[in-house]
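Asks: One structure, as structure tokens, below. Some questions next.
The values are calculated or read from the model by the stated rules, or taken from the named source; none is laboratory data. Because the structure is predicted, anything quoted here is derived from the model rather than measured. Here the Cβ positions follow ideal geometry from the backbone for every residue, glycine too, while neighbour counts run over all protein chains shown.
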Ligand SMILES: C[S@@+](CC[C@H](N)C(=O)[O-])C[C@H]1O[C@@H](n2cnc3c(N)ncnc32)[C@H](O)[C@@H]1O
């Protein structure tokens with residue numbers, strides 16, 4: 001039994017937007033523990049098909065177990081969703097009725113020290129969602145010049161003290177004192193001071209490095225750009241983001257698109273009950289859009 005405890009956010013709201021139906025074909029671009037996927041397959045009923053993507057093999061293993069009873073209704077794809085179009089084409093699928101992306105990392109990814117995402121527990125400076133390939137956070141820090149690292153921390157962490165933090169991280173690296181998440185946190189704290197408020201001052205820099213290691217904004221852009229081609233006429237895309245750097249591109253892409261129409265002007269947020277039960281849902285914003293019929297779209 002895989003131990004993958006992740007509570008899906010905005011589950012009813014996702015299903016109300018997607019309206020899965022029997023015979024429909026859907027993509028869960030971020031299957032994680034499979035909670036939303038299970039909802040889609042259950043609400044859609046027999047004959048619903050789902051392509052379940054995740055770049056993390058351990059998430060896919062958990063989803064495989066959870067969704068086993070749906071048999072060959074589900075196809076699991078170990079891939080980043082930036083390649084969703086090519087991966088679907090390779091499986092003979094040109095268009096789908098709905099796409100869901102629940103962005104960011106899952107609770108188990110954050111909780112497992114060895115993944116190196118969190119400073120809550122000490123682990124290697126890794127942060128790759130797909131540990132089978134690509135550069136780790138430590139390798140990224142080693143490769144970037146101080147100015148480049150400062151830009152990453154400023155842009156992806158919205159951190160004002162980015163230059164000083166970048167310098168401190170490089171100093172730790174040069175002194176062979178940077179190999180774990182605790183080392184990184186200590187290097188940041190040397191500039192910011194330790195945790196005083198609710199939020200640790202290292203949070204922004206950790207977010208920035210994680211987003212850079214996984215090219216999260218590049219992935220999001222590739223997915224958004226593929227949506228008009230991927231969706232059938234009337235098909236729906238649902239994106240859930242957890243901070244403004246992710247929400248902004250979604251909002252503007254939907255607003256400017258001549259092929260997708262947002263289902264609501266404002267993002268959908270979690271109910272008070274959900275926010276109380278699942279603190280992670282407090283920062284979630286759901287935006288959904290429908291593909292216009294090709295004959296009407298500009
Ligand atoms: C918030 S969790 C999804 C939780 C899931 N909706 C559920 O109900 O359990 C996000 C998942 O997306 C995956 N992920 C993030 N970015 C990805 C990308 N670019 N391509 C594929 N998977 C990605 C992560 O590995 C993680 O498992």
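Asks: Could you tell me which of the residues 156, 138 is touching a strand residue (DSSP E or B) at 6+ places or on another chain (Cβ under 9 Å) and assigned to a helix (DSSP H, G or I)?
Replies: So the residue among 156, 138 that is touching a strand residue (DSSP E or B) at 6+ places or on another chain (Cβ under 9 Å) and assigned to a helix (DSSP H, G or I) is 138.
Asks: Same structure again: Suppose we filter 48, 2, 42, 75 for residues that are modelled with pLDDT of 95 or more, touching a helix residue (DSSP H, G or I) at 6+ places or on another chain (Cβ under 6 Å) and farther than 21 Å from residue 221 by Cβ; which single one remains?
Replies: Result of the check over 48, 2, 42, 75: 48.
Asks: Taking the stated definitions as given, is residue 191 surrounded by fewer than 18 Cβ atoms within 10 Å (Cβ to Cβ) and outside the structural domain of residue 245 (by TED's automatic domain parsing)?
Replies: no
Asks: If you go through region 138-161 one residue at a time, how many are buried (at least 20 other Cβ atoms within 10 Å of the Cβ) and free of Cβ contacts under 8 Å to residues at least 24 places away in the same chain?
Replies: Within region 138-161, residues that are buried (at least 20 other Cβ atoms within 10 Å of the Cβ) and free of Cβ contacts under 8 Å to residues at least 24 places away in the same chain number 2.
Asks: While we're here: Scan region 98-110 and give yes if some residue there is surrounded by fewer than 16 Cβ atoms within 10 Å (Cβ to Cβ) and modelled with pLDDT of 95 or more, otherwise no.
Replies: no
Asks: Also, quick follow-up: Give the residue that is nearest to residue 128 (Cα to Cα), with candidates limited to residues of region 41-53 that are surrounded by 24 or more Cβ atoms within 10 Å (Cβ to Cβ) and touching a strand residue (DSSP E or B) at 6+ places or on another chain (Cβ under 7 Å).
Replies: Taking the candidates together, the pick is 53.
Asks: Also, quick follow-up: Could you check residue 201 against (1) within 30 Å of residue 164 (Cα to Cα); (2) within 14 Å of the ligand (Cβ to nearest atom); (3) crowded, with 19+ Cβ neighbours inside 10 Å and say which number it fails?
Replies: Only one criterion in (1) within 30 Å of residue 164 (Cα to Cα); (2) within 14 Å of the ligand (Cβ to nearest atom); (3) crowded, with 19+ Cβ neighbours inside 10 Å is unmet by residue 201, namely (2).
Asks: Could I ask something else about it? Could you identify the single residue in 208, 270 that is surrounded by 16 or more Cβ atoms within 10 Å (Cβ to Cβ) and either outside the structural domain of residue 94 (by TED's automatic domain parsing) or away from the ligand (no atom under 16 Å from the Cβ) (or both)?
Replies: Checking each option against the conditions leaves just 208.
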